[in-house]
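No value in this document is a laboratory result; all are computed from the given coordinates. Note that this is a predicted model, so its numbers are computed, not measured. Because the Cβ atoms are built from the backbone with ideal geometry, glycine has one as well, and the counts that use them run over all protein chains shown.
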Amino acid sequence: MWPSKFDQTGNRKRKHRYGDEDEIKMEQQELKRRAMLNKEIKAFAEKIAEAASASNGDTLDLDIPFRELSFEGVPFRTSARLQPTTECLVHLTDPPFLVVTLADI
């Protein structure tokens, strides 16, 4: 019988995959950094809403993009992920930023 597959390592699994550990570590650091930034941005937005209500008594409603409804678009000759909110369509990830109200669409 002929072997179905020929493995040049002698059918031994490699113990080390060079570069994979570094990539996994970098991905984990990126996820932690994003989670921390999300917490900081949420706390900042809440402080702004509290300050607005304390200064003039009106409540400030924050509009959060619907990530699950996002789609790719080309607003400035480059591909961008556009996210709708209840009042507008936004791209706030990379400059140039985009905010278009639904009335303008």
**Request:** Grab the other residues whose beta carbon is less than 12 angstrom from that of residue 45, score K and R as +1, D and E as -1, and report the net.
**Result:** -2
**Fill in**
So for R0 = 22 Å, FRET eff. of residue 42-residue 68 from the Cβ-Cβ r, to 0.05, ends up at 0.75
**Radius of gyration and maximum dimension Dmax of region 31-105, Cα, Å** = 14.6, 43
